[in-house]
Amino acid sequence: MAEFLQFCASGLTVGAVYALVALGFTIIYNASDVVNFAQGEFVMIGGMTTVFATAAGVPLPIAVLIAILAAMVIGLLLHRLAIEPARGASPVTLIIITIGASIFLRGLAQIVFDKQFHSLPAFSGDTPINIGGALVLPQSFWVLGGAVVIVIALWAFFNRTVTGKAVLATAANRLAARLVGINTSFVIGLSFVLSAAIGAIAGILVTPITLTSYDIGTLLALKGFAAAMLGGMGNPIGAIVGGLLVGLLEAFGAGYISSTYKDAMAFIVILGVLFVMPGGLLGRASVERV
Amino acid sequence: ADTIKIGSSLSMTGPASFLGDPEGKTLEMYVEDINANGGVNGKQLELVIYDDAADANSARTFATRLVEDDGVIAVVGGSTTGATMAMVPVFEDAGIPFISLAGAVVIIDPVKEFVFKTPHTDRMACEKIFEDMQKNGISKIGMISGTGGFGKSMRGQCMDVAGNYGIEILADETYGPKDADMTPQLTKIKGTDGIQAVVNPGFGQGPAIVTRNYRQLGIDVPLYQSHGVASKSFIDLAGEAAEGVRLPAAALLVADKLPDDDPQKPVVTGYKTKYEETTGEPVSTFGGHAYDGLMILVEAMKRAGSEDPAAIRDEIEKTQGFIGTGGTVNMSAEDHLGLDLSAFKMLEIKDGDWTIVN
Amino acid sequence: MRKLMSNRLAVPAFLALLVVGLAFVMPSNFYFRVAALVWISALAVIGLNLLMGFAGQVSLGHAGFFGLGAYSVAILPAQFGLHPVIALIAGGAGCALLAFVVGRPILRLKGHYLAVATLGFGILVSMVISNEAWLTGGPDGMPVPRLALFGWRARGADTWYWITGGLMVIGALLAVNLVASPTGRALRALHDSEVAARVVGVDVGCYKLIVFVISAVYASVAGSALALVNGFITPDAAGFLHSIQLVTMVVLGGMGSILGSVVGAAVLVVLPQALTVFHDYEHLMLGFMMMAFMILLRSGIVPSLSMLIGGRRA
Amino acid sequence: MVRRRPPLRSDEALLQINALRSGYGRIEALHGVSMEVNRGEIVALVGSNGAGKTTLLRAVSGVQPVSGGAIVFDGHDVTNAQPHARVKRGIAQVPEGRQIFSPLSIEDNLRLGAYLRKGSEIDRDLDMVYDLFPVLKERRRNPAGGLSGGQQQMLAIGRALMSGPKLLLLDEPSMGLAPILVDQVFQIVEKLRDESGVTVFLVEQNAFAALSIADRGYVIETGEISISGTGRELLDDERVREAYLGV
Amino acid sequence: MSVLQVEEIGIAFGGVKAVDHVSFRVNEGDVFSIIGPNGAGKTTLFNLVSGVYQPKYGKVLLEGADVTGLEPQTLARRGLSRTFQNLQVFFRMTARENVMVGRHLKEKRGLLAHILALPATARQNRESAAAADAYLERVGLGGYADTPAAAMPYGALKRLEIARALAAGPKVLLLDEPAAGCNAVETEEIEKLVRNIADEGTTVVLVEHDMKMVMRISDRVHVLEFGKTLAEGTAEEVRTHPKVIEAYLGTHGSKEAAVALG
Ligand SMILES: Nc1ncnc2c1ncn2[C@@H]1O[C@H](COP(=O)(O)OP(=O)(O)OP(=O)(O)O)[C@@H](O)[C@H]1O
Ligand SMILES: Nc1ncnc2c1ncn2[C@@H]1O[C@H](COP(=O)(O)OP(=O)(O)OP(=O)(O)O)[C@@H](O)[C@H]1O
Ligand SMILES: [Mg+2]
Ligand SMILES: [Mg+2]
């Protein structure tokens, strides 16, 4: 039982990170149909900026703020300088642009920061908390709590605010959105800024557990993307469910089956789910009338 | 030509950048240094250096480029075993001496005419660890290894030699090179009866996370790391969790703690001071491998007195009593590494610093 | 119709001339090697372009097939003493079979879901390759026996230049043939509207499968060629990053353009070599160039340029 | 849509189009179109497939780049204004092909029509749209993509009305509607003009019905205006009867 | 003999019974029209008959054989083809190529021959192109053959779909609002085309809101409302059916229908 709980704790912590990355994917995808493969870079920027700011003597809360702002600015620049000028290009073209952006940002980080791994002190100590025999780091609760807060805020944003609806409308039909008076370029820019912020927050929360370096983005983007698809692309709740599920699968795979093939476990389950539910677990069935 | 061209292809970015980065910096630093002091055989050295990002195919292309396009006469480089092995045929075909900076024993076993290496082999690291265990009466262990090239290869070597030391491996877990949490694997090890110690072959950030998770789960048997984490940044990353961790490593890490009569002392202190002053980063044994490789090559060139690759190769093979950061090197036609177990020191982390275990 | 015939063959003919012509201006073996790498990537990319550009189905796991092709010429000769050429063919056949088996369920998915499923497939393949060290040498890779035909050994980069260039031209020729045939039309049709294709009798599932299998064979052959050229192979060839690279080559060169496939491959193979002068800024530049290319030539290099040129003429 | 005073039909132009040119890539679809729509009137535009009707409407609402000429709306030159700025000024379009937000609910679709508006009038207008098209009310929580073709057309009209426009651009509003609804739509258009003072620019294939309610009409042929006049005049014009009315 | 027979067919989406126990028979060579208010289930019925949707219950018989639930491509092989209310055009192809795809079932397949570009393939391409040109000519799009579909106006695309469906050589052709977006004159052309198709022996099932056309052309008319059959009969019978007038025709429709039937 303690063992089981331990795997759960591990899965949920790692899963929460994937979930936050998946959420970032979801937001930009919702607004613009772009799968932003630079999403992992926002996580990296969040973590690395905080590390370097605190190392420079900036108090943690301010460093966190700086990091989130930095990511948001980069998100905005990414939209204004790379996505917006390619307006009207096909989704694949935009995806390749985001891949280019992720290479660019990684290249930038290796110059601005360095190529070392870095860590942050945990927000509330390193003493594990004993839950039914499982030993869980306090930072795990920060990560999970952060994920919960963000997803609730986003849910409210998309379902309760006009701007949120405008984001969804822009995704559903860009032409129609423009015709009802939505400034689509602003909306898409907003979505980049928003998901950059979420990415950065994720990066800051997890760095004390997972460490960070200039090139952690790729793998996070990959897992986050898989998680988003497992949950059903475009659905924030799906992103969370998908992320946690991938995390749990990895943990239980490693714990009960084989640590060598634990990633395989996650992907086999994803493939299996998609075969049965081609729109992901919580994906809206696409209504395309002929 | 009035300059001597030597080449290198390193993993300065990518998954093995923590190897390639200090290696590259070391080479550039010392080539400058050598040139400032009059060069080799009266000629200036010219270093051509490429970043293969640990990709074997790129490494292979750069190897061809070094030989065909740049016309180098010798090569120091290859941060990872995969990249090294991909380059080997090019240099063997071209007859260019190649000193690799990668770990695995396959690079020099079997011996290849033009291929040498400076880092201790993973097999030696296993032997050193098991030797220490034997001394402490440990015979039943668990293993958790990275699935990257380094971890995987060392795991294999350890399995191979465990029997020689009467060591039994009861648990054998792995983790991916970029994994962020190893508590499930460690929980399994923790739950395995009779384990007296755990070994963690691997490099990069993985071992630091393993170490942290190890303490998080309150596992109280000794934890052995490998020479793959032999840099100060491991202690920084693992923090307090690193206390008590043991690992085999070169003298470089404990330069200041070596007895004054140790022949390696001047070499390692010299390198350490220079590296840390120039780069502002803590020294690692990886950069040291590059230093050793470059110096072995330079001395061979001096002895050969020519720029003929074949002559240089012969002289490299004749390296005797060279004192580097990794130990004393005595090469021969059968041994293109030239280090023995004595080159390794068993270290333990105490109060956030390395100490030598006797 | 005469004109259409000559049009179709124009691209492979041009490529053949290119292969021959370039050979005369290559300054050293290094350039031959880089060119050979371009031809190899181009071959894989042409296959992937059939799948992506014409049939509109993404695959983020094509490096899986590439890797399997590569390892088949490494493993089969070493373990079963097969001749490398036989191993290459066996690899292609094996990939075709594998693509056939996994293709049915995977290709029922659409868009990003298809992307993630193929991604998963690719990752599974690369995991097996890197974990089953007893067979594949693990992450550090394994050597590949030299290709020898009738006692003649393929060694130098220039030899490989010709072999891979030949393979690439043949690949391009077969691809343009396919595109111009009824099968090609069915593929392009299902790209635009599956339901419309079905109601005129196109068995959409079957055609997706056909093109998936074909593209897998292209990737496999390209992988075998790379392994033979290098004489050594690591799991990177089958990895996720390589899959992404192949997709990038397709899009960069131009979806649905065979010539674009070669151009896309050339750019991404040559660029890193050219950018080494930037040292630490290499990746920055690579990312920047990729973005710049895609923003300025958003339909891919070849289609965008031909539109530009066509526009001026008109 | 009730917020404006009942009509003051006037000769003052609300929309003025001068020598407008536009096209797709190298193909020019409008070769210098000039026309105007006066405040409070219904103007119908008829023409055969591919004449450029849709292109003209798209240019007016700002989603179609123009290469020459000018569009003046309500005294402001909007030739280069962003679409959302034009919506703000009071232009709403029911686009060809309906262009609804498929995954969003019907009510969300309608509310998004009022995206740039604030205040309680929105709810009142929503009720009004639901009164016009009761089926939309029944299904208001469902995704709009599930609606039948004609139902989607109703939704598109309703959405445009939700912005409380001064000028309503209708691109073939009767397309795909059941005959009984075609009646209704034309009645609604007339009612909008007469009771709410909305100016309507109507593109319609059902030329007879359109010209019957129109104050004035234009005929467009391959990107150029060929005939213009009052609705009556056009209905009686021999060329129009032959080419568009089929009598 | 009835070439197409639908028995008690039905499907629901969520709570909506889109098609609810509908039955009818269509005789060979007839023009059989299905009309009804928006959302009555006409398109859904087409989707059920053509295999795009699987019916929840009920049967479809084509030339007497049960074809319920078969895939669209299988039905196409058996001689059933259709057009779409929401355009489904191959936008990346020219008009000619669109129609050539319609010839798919008539083309010789053989992957190897295609990849190797054997002379037979070239011959096949020529044949298909010639056939496609003939169909384009027939629907009045002769001038558009080399135009990319993306650059064609809406009305032309509707006819392009008809040409493509015809190219498949169907025995039964389902047309979903072929005249939508066409003016009176263009509608008359389409009407002629449809009549022409029927005269050559192809059975046409038509969904259309243009009452002039429906009334003039139909041998029988089937009326749906809320997924259920409201009435069926000759044009004259349906036109005067009070419920049909109330639910569907209204004054405008009645007038048009009256004009059409003289
Ligand atoms: N996306 C496009 N790309 C290229 N050409 C186009 C495009 N859309 C329209 N055209 C061309 O522009 C011209 C005008 O088309 P438009 O859609 O404005 O006609 P329309 O009068 O609205 O026709 P319809 O009655 O069929 O709706 C046509 O010749 C058409 O072929
Ligand atoms: N895929 C679907 N999802 C949800 N609802 C659907 C779906 N398909 C059809 N419906 C519903 O079924 C009913 C019938 O729709 P259908 O499209 O068949 O109507 P129709 O008779 O063709 O109308 P129109 O004349 O407006 O085209 C409508 O209420 C529609 O909303
Ligand atoms: Mg139009
Ligand atoms: Mg319909």
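The values are calculated or read from the model by the stated rules, or taken from the named source; none is laboratory data. Because the structure is a prediction, the values reported are computed rather than measured. Every residue, glycine as well, gets a Cβ built from its backbone with ideal geometry; the counts of neighbours run over all protein chains shown. Calculation scope for accessible area: heavy atoms of the full protein, side chains included, ligands and nucleic acids excluded. Shrake-Rupley method; radii C 1.70, N 1.55, O 1.52, S 1.80 Å.
Go through the range D:94-142 and count every residue that is at pLDDT 90 or above, within 16 Å of ligand 1 (Cβ to nearest atom) and open to solvent by 10 Å² or more (accessible area, probe 1.4 Å).
1
Count, please, the residues in the range E:197-207 that happen to be open to solvent by 10 Å² or more (accessible area, probe 1.4 Å) and touching a Leu at 6+ places or on another chain (Cβ under 8 Å).
Number of matching residues: 1.
Being among the hydroxyl-bearing types (S, T, Y), open to solvent by 10 Å² or more (accessible area, probe 1.4 Å), modelled with pLDDT under 95 and not in a loop (DSSP other than H, G, I, E, B) narrows it down to one of C:Y218, C:Y281, so name that one. Before the answer, list the steps.
On the way: C:Y218 fails: modelled with pLDDT under 95.
C:Y281 is the lone residue from the list that is among the hydroxyl-bearing types (S, T, Y), open to solvent by 10 Å² or more (accessible area, probe 1.4 Å), modelled with pLDDT under 95 and not in a loop (DSSP other than H, G, I, E, B).
Is the range B:33-45 home to any residue that is assigned to a strand (DSSP E or B) and either without any contact (Cβ under 8 Å) to a residue 40 or more places away in the chain or farther than 23 Å from B:K274 by Cα (or both)?
Yes, that holds for at least one residue.
Restricting attention to the range E:13-68, report how many residues are on the phi > 0 side of the Ramachandran plot and within 13 Å of ligand 4 (Cβ to nearest atom).
So the count comes out to 3.
Would you mind stating whether E:A113 is touching a residue at least 24 places away in the same chain (Cβ under 8 Å) and open to solvent by less than 40 Å² (accessible area, probe 1.4 Å)?
Against the criterion (touching a residue at least 24 places away in the same chain (Cβ under 8 Å) and open to solvent by less than 40 Å² (accessible area, probe 1.4 Å)), E:A113 does not qualify.
Among (1) within 14 Å of chain D (Cβ to nearest Cβ); (2) crowded, with 20+ Cβ neighbours inside 10 Å, where does A:L211 come up short?
Among (1) within 14 Å of chain D (Cβ to nearest Cβ); (2) crowded, with 20+ Cβ neighbours inside 10 Å, the lone unmet condition for A:L211 is (1).
Just to check your reading of the model, which residue among A:I99, A:I95, A:I68 is under 17 Å from the mean Cα position of the chain (by Cα), in contact (Cβ under 8 Å) with a residue 60 or more places away in the chain and more than 14 Å from chain C (Cβ to nearest Cβ)?
So the residue among A:I99, A:I95, A:I68 that is under 17 Å from the mean Cα position of the chain (by Cα), in contact (Cβ under 8 Å) with a residue 60 or more places away in the chain and more than 14 Å from chain C (Cβ to nearest Cβ) is A:I68.
Just to be sure, is D:I180 open to solvent by 10 Å² or more (accessible area, probe 1.4 Å), within 16 Å of ligand 2 (Cβ to nearest atom) and either closer than 26 Å to E:L87 by Cβ or not hydroxyl-bearing (S, T, Y) (or both)?
For D:I180, the condition - open to solvent by 10 Å² or more (accessible area, probe 1.4 Å), within 16 Å of ligand 2 (Cβ to nearest atom) and either closer than 26 Å to E:L87 by Cβ or not hydroxyl-bearing (S, T, Y) (or both) - is met.
Going through E:G155, E:G143 one at a time, which residue ends up being without any contact (Cβ under 8 Å) to a residue 24 or more places away in the chain and either farther than 26 Å from C:V217 by Cα or within 16 Å of ligand 2 (Cβ to nearest atom) (or both)?
Working: E:G155 fails: without any contact (Cβ under 8 Å) to a residue 24 or more places away in the chain.
Exactly one of E:G155, E:G143 is without any contact (Cβ under 8 Å) to a residue 24 or more places away in the chain and either farther than 26 Å from C:V217 by Cα or within 16 Å of ligand 2 (Cβ to nearest atom) (or both), namely E:G143.
Just need a number here: residues in the range C:72-119 that are more than 30 Å from A:V35 (Cβ to Cβ) and open to solvent by less than 10 Å² (accessible area, probe 1.4 Å).
Residues in the range C:72-119 being more than 30 Å from A:V35 (Cβ to Cβ) and open to solvent by less than 10 Å² (accessible area, probe 1.4 Å): 5 in total.
Out of A:I68, A:I83, A:I95, A:I99, I need the residue that is over 29 Å from C:G253 (Cβ atoms) and either part of a helix (DSSP H, G or I) or open to solvent by 10 Å² or more (accessible area, probe 1.4 Å) (or both). Which one?
None of the other options fit; the residue is A:I68.
Please work out if B:N41 is more than 9 Å from chain C (Cβ to nearest Cβ), at positive phi and open to solvent by 30 Å² or more (accessible area, probe 1.4 Å).
yes
Give me the pairs, please: first residue somewhere in the range E:49-61 and under 19 Å from E:L206 (Cβ atoms) and of a type in the set (V, I, T), second residue anywhere and open to solvent by 50 Å² or more (accessible area, probe 1.4 Å) and part of a helix (DSSP H, G or I), beta-carbon distance under 7 Å, and either six or more positions apart or on two chains.
From residues that are under 19 Å from E:L206 (Cβ atoms) and of a type in the set (V, I, T), there are no pairs.
Residues of the range A:174-206 being touching a strand residue (DSSP E or B) at 6+ places or on another chain (Cβ under 7 Å) and within 14 Å of chain D (Cβ to nearest Cβ), which ones?
Within the range A:174-206, just A:L179 meets the criteria.
Among (1) free of Cβ contacts under 8 Å to residues at least 12 places away in the same chain; (2) at the interface with chain A (Cβ under 9 Å from one of its Cβ atoms); (3) out of contact with any Pro (no Cβ under 9 Å at 6 or more places or on another chain), where does B:T187 come up short?
Looking at each condition in turn, B:T187 falls short on (1).
Between D:G145, D:G158, which is within 9 Å of ligand 2 (Cβ to nearest atom), of a type in the set (G, A, S), over 21 Å from D:G40 (Cβ atoms) and open to solvent by less than 10 Å² (accessible area, probe 1.4 Å)?
Result of the check over D:G145, D:G158: D:G145.
Which of the residues belonging to the range E:150-176 are small (G, A, S) and out of contact with any strand residue (DSSP E or B) (no Cβ under 7 Å at 6 or more places or on another chain)?
E:A150, E:G155, E:A156, E:A163, E:A167, E:G169, listed by residue number.
Just to be sure before I move on: is C:F121 within 10 Å of chain A (Cβ to nearest Cβ), more than 16 Å from C:L226 (Cα to Cα), in contact (Cβ under 8 Å) with a residue 60 or more places away in the chain and in a helix (DSSP H, G or I) in the structure I sent?
Details: within 10 Å of chain A (Cβ to nearest Cβ): yes; more than 16 Å from C:L226 (Cα to Cα): yes; in contact (Cβ under 8 Å) with a residue 60 or more places away in the chain: yes; in a helix (DSSP H, G or I): yes.
So C:F121 passes the test.
Report, by residue number, each residue of the range D:31-63 that is more than 16 Å from ligand 1 (Cβ to nearest atom) and free of Cβ contacts under 8 Å to residues at least 60 places away in the same chain.
Passing the criteria: only D:E36.
Condition first: over 18 Å from A:A71 (Cα atoms) and modelled with pLDDT of 90 or more. Can you find one or more residues in the range A:187-207 that meet it?
no
Hey, can you tell me all the residues within the range A:10-51 that are in a loop (DSSP other than H, G, I, E, B) and open to solvent by less than 10 Å² (accessible area, probe 1.4 Å)?
Within the range A:10-51, A:V34, A:V35, A:N36, A:A38 qualify.
Filter the range D:64-78 down to the residues that are under 16 Å from D:L167 (Cα atoms) and of a type in the set (V, I, T), then identify the one that is nearest to the other protein chains (Cβ to nearest Cβ).
Step by step, filter the range D:64-78, then rank; the result is D:V78.
Among the residues of the range D:15-30 satisfying the criterion of being surrounded by fewer than 17 Cβ atoms within 10 Å (Cβ to Cβ) and part of a strand (DSSP E or B), which is modelled with the lowest pLDDT?
Going through the qualifying residues, I end up with D:I27.
For the range C:18-35, enumerate the residues that are facing chain B (nearest Cβ under 10 Å) and part of a helix (DSSP H, G or I).
Answer for the range C:18-35, where residues must be facing chain B (nearest Cβ under 10 Å) and part of a helix (DSSP H, G or I): C:N29, C:F30, C:Y31, C:F32, C:R33, C:V34.
Can you pull out the helices (runs of 4 or more DSSP H) entirely within the range B:234-322 that have at least 3 residues that are within 14 Å of B:P22 (Cβ to Cβ) and small (G, A, S)?
Ranges flagged: B:285-304.
For the range C:250-257, does any single residue satisfy the condition of being assigned to a helix (DSSP H, G or I) and open to solvent by 20 Å² or more (accessible area, probe 1.4 Å)?
Within the range C:250-257, none of the residues are assigned to a helix (DSSP H, G or I) and open to solvent by 20 Å² or more (accessible area, probe 1.4 Å).
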